[in-house]
Each structure stands twice: as C-alpha cells, then as structure tokens.
Amino acid sequence: MKARRIQPARFGLFLATLAFCALLTPVVSFAAPYAAMVIDARDGKVLHSRNADTRLHPASLTKMMTLYIAMEAVENGEISLDTKVKISKNAAAEPPSKLGLQAGQRIALRYLIRAAAVKSANDAATAIGEAIEGSEAAFARRMNRTAKALGMSNTTFKNMHGLTQSGHMSTARDMTTLGRHVLYDYPDYYNLFSRRSTSAGIKTVNNTNRRLLAAYKGADGIKTGYTRAAGFNLVASAERGNKRVIATVFGGRSTATRNAKVAELLDLGFTRSASRVAMRKPGLPAYQGKTAPVGKTIRVATAVKKSLRPVLRPTTAGEAQPSVVAAAAMSEDSVVAAATVIEHDIQSALLQAQNNSGVTLASLQEEPTPPPQPKVVTRISTAGGRHWGINVGRYNSRFAAEKMLLKTALAEMATLDGSLRKVVKNSRGFEANFLGMSKETADLACRRLQARQVTCYTLGPG
C-alpha cells in the first residue's frame, strides 16, 4: 500500500518535469541566430566576421536605409527638411516603438528623421517612406534598388521600419556596408546618431543606443534594432585617434549582453586595424530617386561636358575673327576637373566683361587678373544690363560650393543657362553665386529655386 501511495506522486513529478521542459523548448527555439562583422571604416577592410552572410531579420537596423534614402532625397531636391508631412492612418497605426503621431497631423520631415534615427520610431519611419514615395510598397522598391546600388547583395526589404515580415531579411555584412555609407555619403547628417536625446517636434526623445554611447569611448552611432525574431541587433561605429571601426552584431540576447559584445568587437577592431591606412571612402551609389532614371547617376562633370559650347561673336567688316580657346578635357568622375573648367571660364568672362563693357568686376575675383589673353567667347556677356546674379548658399569648403552650383545648374537649366558660376571666399565661408544675369532672370531663377526649397537670394550690381 505504501508503494502505491508513492507511485502517483512520482508520476505527478514526472508530468511536472515534462511540462517544464515543454515550456523551455519554445524559448530555445526562439533564440535568434548570432552573426557579427567588424571592419576598418577607413578602407572597408574586414577585421572579423562570423556568419556574416547569413540572412537574418534586421529589425530596426532597417531604418538606416530609410534614413539614407531620406538624406538622399533631401540632397537631391525631392523633398525639404521643412516639408510638412501629413501623417496617414497607416503610419499612425504602427506599433511601438513610436513617436505617437496622429492621423491627419502635419509635422516637418526633420522631426520624423530625428524620431526614426534616435528613438527608432516606427510611425515616423513609415511617414518618411510615404512622404518620399507615396506608399510603403513603392518605398520598399526604392529601398531594394538602393541596396543593390550599395552592393548589399543579400538584403531584401519589405517595409521601412523593420518589424518582422516574411522575406524581410539582411546580413551582418550588408548592414555593416550600409552603416559605412551612412557615415561617409552623408556626413552632415551623421551627428543625428550620436545625440543622447533630441527634439522630435511634439516631444523630446531619448536615444535607444545611449548606453553604449555613454559607456564606450569614441562611440558616436549608429543604430539599434530589436524584435523577438531578430534578437538584439546593433551597428556601432567608434573613432579613436586616426582610427575608425564599425562593428555589427545580430542576435544578441539582451541589451546588456549585446552592448558588451559590441564593445568587445570594437576593441578587437582597434587592436587589429593598422595605425596608418589610406582613406578609401565608398563611392556614392547611383541615384535612385524620382528625378533620375533607375540605375543612372547624375554626374556633374558629365553635365558640364554636355553643355553648349561657346559660339563665335558676330564680326563687323574689317574685324579679324576672334580665336576660341578649346575647352579643357573633362573627366567623367571628377568634380575637380569640372571646377577647373569653371574657373577657366570665370577668368575669361571677367576679361571679356572688362574689355567690352568697362564694368569693373575685380571685387568678384579671388586671384589677380591674368595677363591679357586672346579674345574668347564665354557663357555670358555683361552687356544689356546683365549685372545681376543669385546666391544659393554659403558652404564650408570650395568643393561643396562648386558642387552645389553644378547641381543647381542642372536642376534649373531654363533660367541659369548662360550664367556664370562663381565661388567667392570671405571670412564666413564660400559663397555659391550665379552671375551675369538680368534682374528679371535673377528674380525668376530665385522664385523657381525657392519653390523647390532651395535657398536663394538675388545679388544686385555694385
């Protein structure tokens, strides 16, 4: 009888053990796979990898691509940081993490970008994609075109926020590649990822990566991600001295263990990277926006090469035919070469203006007027009241100003064709100017540029 009383107790203990094991089994099965990648950001050299090409769930690392395209769209004039985006019901209904946007609400794009970058807000990310491409499906197609252009060969995007969806996959290698492009392709925006907190218009939001930023010396970004299927993911970048390292982890078990692993990988990267490395930034990919054909890049040097060549000035009886200076050869991939041709045209135009109209333009020159050259015909003449111009911004470098001038000339050929592009250095920076225009043309050009959210004001004579 005593044995019979013990047997049911043992049987109950056995059932309890089975139930406990059954509870443990799903936990193990849901553990996300681990993958890692470490590179020297300066030249892209791989310093460590593990399962780096395994397709896994990227979670909110996806938002790096959403933000990359937003930066691209702003830089190419598709949309402005000040554009008021109307929030759709679809965006407002996204699950947390979210900013708390309401359907029908209007909010500046800059605040959506901050919320997506810092708080990893899903509603903000969706609103960004809809504002740029009109729908989630259209934006996902652009994400995939851009991924291909960046060389992310094992990535497929289905949404702009990273919530788990069938087929929405990436790899540690591809996300590391994307992180490097965010860093080098749009450096003016990169500081977003290092902000511990920021204003998102309707509230102040805290950075989801603030613990690593505070704990690891030199860390300044980039993006966290978490879903149950993905685990705790992170692409992190840090700079120490002249070294910069990017480390990526997929499948962390918690925020703390993921951050510890990333710190370990960053340490490994700084140890293995060479002290002196020639900087080889990644190339800017083909522009995938609405204003450029798919797979085509707008290259400013090529655009100058295709510009209309100077035409001989009409001659009068007994006047010798003026000579024409041959255009300099242009490199397809060199903005510097384009700038050289522009500078040559500037000098020629100044000489021509002084010879024919008596107008003194020395105040616009940065170099002394060269010795007289054979008479040339340039893109402009200051005759006929063409003493006006426009300014399209002040920049920290001559290169940035020249790039803006060339990009603006491409976008507004109707009014700027025939004007003179000129960078003027002063104590505050490098002014990007178009000169040799009539007052009417200058006013019209500014109105058209301002309608596309391009900074512009007119420059009068004198």
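The values are calculated or read from the model by the stated rules, or taken from the named source; none is laboratory data. In this text the structure is predicted, and so the values were computed from the model without any measurement. FYI the Cβ positions are ideal-geometry reconstructions off the backbone, even for glycines, and counts take in every protein chain you see. In case anyone asks, the SASA skips ligands and DNA or RNA and just uses the protein heavy atoms, side chains included. Shrake-Rupley method; radii C 1.70, N 1.55, O 1.52, S 1.80 Å.
Tabulated data for the structure shown
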{"quantity": "FRET efficiency estimate (nearest 0.05) - Cβ-Cβ, Thr455 to Lys89, R0 35 angstrom", "calculated": "0.55"}
{"quantity": "The stretch 208-223 - phi-based ³J(HN,Hα) in whole Hz, Karplus 6.51/-1.76/1.60, Gly and Pro as x", "calculated": "5, 9, 5, 5, 5, 4, 7, 8, 10, 5, x, 5, 9, x, 10, 8"}
{"quantity": "Rounded Å value of the spacing that divides the Cα centres of the stretch 119-197 and the stretch 41-85", "calculated": "5"}
{"quantity": "Heavy-atom accessible surface of the stretch 35-116: percent carbon and sulfur, 1.4 Å", "calculated": "45"}
{"quantity": "Cβ-Cβ FRET estimate between Gln165 and Lys439, R0 fixed at 60 Å, reported to 0.05", "calculated": "0.60"}
{"quantity": "Residue-span extension gain [Arg55 to Lys217] - 0.36 nm each, minus C-alpha spacing", "calculated": "55.2 nm"}
{"quantity": "Accessible surface of the stretch 381-462, 1.4 Å probe, proportion on carbon and sulfur as whole %", "calculated": "53"}
{"quantity": "For the stretch 171-283: rounded, prolate or oblate by the Cα gyration tensor [a/c cutoff 1.5]", "calculated": "oblate"}
{"quantity": "Portion, in percent, of the accessible area of the stretch 118-250 that falls on carbon or sulfur, probe 1.4 Å", "calculated": "45"}
{"quantity": "In range of the label at Ala229: residues from the stretch 58-77 whose backbone nitrogen is under 19 Å from the point 7 Å along Cα→Cβ", "calculated": "58-66"}
{"quantity": "Length gained when the stretch Ala138-Arg448 is fully extended (0.36 nm per residue, less Cα-Cα span)", "calculated": "108.8 nm"}
{"quantity": "Estimated distance in nm for a label pair at Ser427 and Arg398, the labels positioned 7 Å out from Cα along Cα-to-Cβ", "calculated": "2.1"}
{"quantity": "Length added when fully stretched, Ser275-Ala108, from 0.36 nm per residue minus Cα-Cα", "calculated": "55.8 nm"}
{"quantity": "Estimated dipole of the stretch 404-458 in Debye, rounded to 20 [Cβ of Lys and Arg +1, of Asp and Glu -1, Cα centre]", "calculated": "200"}
{"quantity": "Highest-first arrangement of 148-156, 435-443, 44-52, where packing means the average Cβ count within 10 Å", "calculated": "435-443, 148-156, 44-52"}
{"quantity": "Among the listed pairs Lys84/Lys203; Lys63/Lys119; Lys89/Lys203; Lys63/Lys89; Lys158/Lys223; Lys223/Lys407, those beyond 22 Å (Cα-Cα)", "calculated": "Lys223/Lys407"}
{"quantity": "Net charge contributed by nearby residues that have their C-beta within less than 9 Å of Leu435 (K/R +1, D/E -1)", "calculated": "+3"}
